[in-house]
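Report on one structure; see the data block that follows.
All of the numbers you see were taken from the coordinates with simple rules; none came from a lab. All values derive from a computational prediction rather than experimental measurement. Cβ sites come from the backbone with ideal geometry, for glycine too, and all protein chains shown count toward neighbours.
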């Protein structure tokens, strides 16, 4: 693993084995006074390298907030977020942008692709922004894996919803990020397109050693993960290893979703 | 419905104001023009009223033809009439007055010559003027100067001063300082004892006019008739109100010309504003489809939707009009300050804000805005209610096919009208040309949507390799060809006209240069400096002094004057047919014509003779102010352009028919045996008492001729600059609206690692591509317009078609830089977007 020295505050101790991402005593409060909402309420969690973790929880449980904060898209009120050994709270806006570009990948629920760029251009966008060349072999591997090779020259409006999401997943992996964040990636897909995307994400973890953190509502999607973390009221309330859809559904019912 | 509309308006008040600004600048131009010209008119009326105080009837030589009044050009009134007029019953007093040109020389030897206002010389009249210091002028060497000039140049009573007249240059002693009436607008004034003024200004034994004051109880009309009864043939008595009305009418015509010229530029600015309004409302309607769908779903009719959009246009138009009126005041104030800085004083007259100004400005603002919003408003009615509940709907753009046909037809009509107006002999050619240009711009604007995508791709092509933001900026410029095209088209108009005047000016300059290069043989050309006729030319004395110099071989003077032809004031040039061919290479045909010219006849320019159906041997009736109608035989036709007017007479004929005046130019040729240094010394000796005269060799003469064109070009560019500014506002507006539309996309870009700087860069690249596109389209049209004009003016001596590529390339660079500035705020706003709110909208 290589860390650009500019990003690493000198006082951070680098342990031998460190989680891909972790939140420590994370508190996020939106608004102030009577209308203040505690989206994250002193939450601590780790996401292991090379694992596929799903975050689940009822609406308003803080799962999206957690993902946004982990990804450096939003800042905590108090507490710490580490991406690898880097504490995000110490970073400037510019450093955060660089971190997202070079060390994280994203798949959102919708509107994942820039409409003016072709699928291929979308896939290499983070590297183009960094002014870096993509590793052609790896790019080839990723594109092959998501199965959009014949659609590379097309604009997003000419792709199906499933193809768009797979192109977004390819983009997320193309720069070999340390971690990929997926926010309801299957939310807008029909079940077969969703299954294809999830299969690819599983492969990315198993075959390529990718780390993925995915927020989802869908127990079937969550069951593809190695581990499911359950949130309620801004805290981790439970977790499940080797989950099945039925077990997740059962747990979610108890959480009152 | 109304409440929804109004709430929407309030919610978008800043955007409304920004949109309104695009029209407000044009409205401000219109209002400012009216305020400025009204104020100037008021000032002129004040001057005339002040100048006519204490007069009831004026006696003058009969006006032979309608002409713009020029100081010193009036026919003299014999001074022997004065005692007779004083005898008339009912006359309280009668005084003769003399006025002409007198240029004072400052201590450094430079002429005191404000730009525009006249340099007056006249007779001291205690009933008309009041001394601030010193004594009235008595005798041959006394002069009284005005207090404003005295203060500015630190003249005091007792100082010596050199003053230049049409025929002489003399030294005087300042005997007094006269209080300058403020209405004289920055003119300079030197006053002498009456007989001295008569001699100096060429009115020996005569006056410009005689002012008569009535005894109590005698009306102007009665007095006029009584005075008229004693006047000999050739003189007339007019009441002061009739006399001032004439001058007011003449000045009104000049002001009307200035007003029309400025309004033409204002119309261009409004036209550009219309493009922006159209574009803005089109984008707004497109962005609001969901809102409009909701209104339709809850029961709003199509008419109500249209009215809702038009209401917004009315509000924008009203806002634009009000802001425009305020801008107009500032514009007029600024112009008056600018004129003051160049020597024309308007202070002392309040800014004239007439109801007409408000009405026209309001109408202009409202009409431009509402008419431009009609098409977008109608398109809004196509939104079906279903979009309110998430149905997908794309506003139907008119098919590109139809656009091609309509745009092509409009362009063809425009180009056709332009060419017909320029080349065919038709009445109202100028309006036809104007309509043609307008249609060409609209047509090109429509067609530009068709080529916007490939053009943006080509323009942005070289940049895509620069950086990813440049690539994305180019893609954004290409994604909505209509929007890009109409934003660029607004810029195209201003740049097209700037390109046109630049090419026209370059062509005229090149033509003038080659004409002078080819024809002028003289070693030196003497001119009176300022081109304004009131500040004179070369005193006639100079040519006499030159002839006495042995190293001077040939001296040839050229004068210009006005005469009446079919009741219209027409310009002629007087030359010496013997010496002119020695200093000018006129060509074989013209040489023969000049050889045929006697002191009794006239030469007419060939194509003018053709228009009138005149042949050599026919006679032309020319009405001279001094001698009345004269029938002159046409002794030849000439071809050469470059003389004022289309009629040539001999200098002897001029002396017979005109009061003495300055030489417009004096050409000097070296004597064969003399050296260049001798000639230079001789010429400098001859003009030594006349600092008003500029001595130029051929190269300097070319430069002075072309620099006048440069001045005019700079003035037109400044006036067109406003249209370009409005177009840049349009770019800012479009980008701002696009950014709102692309919020999610911008958020995504930021999320996947685009830095704020890169985002700003992306917006700026889009602006640069739009700006360069508009500039290239504009320059293409400008080159065509320029070519058409040069072809049309071929007979006027514009023989060269010159495209100053370097200057046009500079315009492209300036446009790119200006576009970056226009994108400044939108780019900043885009980069400040909160990433999360951008991603999680809805």
Revision key, fill the gap. One finds, for residue B:707 and residue B:401 with R0 = 51 angstrom and r their Cβ-Cβ distance, a FRET efficiency to the nearest 0.05 of 0.50
Review point. In what order do B:798, B:103, B:620 fall by count of nearby beta-carbon atoms within 10 Å, going from fewest to most?
Key: B:620, B:798, B:103
Point to revise | Computed [θ] at 222 nm, helices only, for chain B once each DSSP H run of length n ≥ 4 contributes -39500 (n - 2.57) | key: -19500 deg cm²/dmol
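Quick check: from the Cα gyration tensor, does chain A come out rounded (a/c under 1.5), prolate or oblate?
Cα axes put chain A in the oblate bin.
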Revision key, fill the gap. If B:6, B:36, A:99 are placed from fewest to most neighbouring beta carbons inside 10 Å, the sequence is B:6, A:99, B:36
Review point. Taking only C-alpha pairs under 8 Å that are 6+ residues apart, what is the relative contact order of chain A in percent?
Key: 27
**Study point:** Shape box of the protein assembly as shown [Cα atoms, principal axes, largest first, Å]
**Key:** 129, 70, 60
Point to revise | Antiparallel DSSP beta bridges within the protein assembly as shown, percent to nearest 5 | key: 70
Revision key, fill the gap. In degrees, nearest 10, the alpha-carbon axis of helix B:13-51 is tilted away from the dominant principal axis of the alpha carbons of chain B by 10
**Study point:** Part-to-part distance (alpha-carbon centres) for the stretch B:255-324 and the stretch B:686-764, which is given in Å
**Key:** 26
Check your understanding: Fully extended, how many nm does the chain gain between residue B:591 and residue B:805 (0.36 nm per residue separation, minus their Cα-Cα distance)?
Key -> 73.2 nm
Study note, to complete from the structure: With Cα coordinates, the longest principal axis of chain B makes an angle with the long axis of helix B:468-479, in degrees rounded to 10, of 90
Check your understanding: From the Cα gyration tensor of the stretch B:29-155, with a ≥ b ≥ c the square roots of its eigenvalues, which class applies: rounded if a/c is under 1.5, or else prolate if a/b is larger than b/c, or else oblate?
Key -> oblate
Check your understanding: Working out 0.36 nm times the residue gap between residue B:607 and residue B:84, then minus their Cα-Cα distance, what length gain in nm do you get to one decimal?
Key -> 183.3 nm
Check your understanding: How far apart, in nm, are two points set 7 Å out from the Cα along the Cα-to-Cβ line at residue B:13 and at residue B:655?
Key -> 7.8
Review point. By how many degrees, 0 to 90 and rounded to 10, does the Cα axis of helix B:698-741 deviate from the longest principal axis of chain B?
Key: 20
Check your understanding: Taking R0 as 25 Å, what's the FRET efficiency between residue B:264 and residue B:367 from their Cβ-Cβ distance, rounded to 0.05?
Key -> 0.90
Revision key, fill the gap. From fewest to most C-beta neighbours within 10 Å, the residues A:44, A:65 line up as A:44, A:65
Review point. Want the number for residue A:75 to residue A:132: 0.36 nm per residue separation, take away the alpha-carbon distance, what's left?
Key: 17.7 nm
Point to revise | Computed E for residue B:430/residue B:93 - FRET, C-beta separation, R0 35 angstrom, nearest 0.05 | key: 0.10
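Report the relative contact order of chain B, percent, no decimals, based on alpha-carbon pairs under 8 angstrom and at least 6 residues apart.
17
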Check your understanding: With a ≥ b ≥ c the root eigenvalues of the C-alpha gyration tensor of chain B, is it rounded (a/c under 1.5), prolate (a/b larger than b/c) or oblate?
Key -> prolate
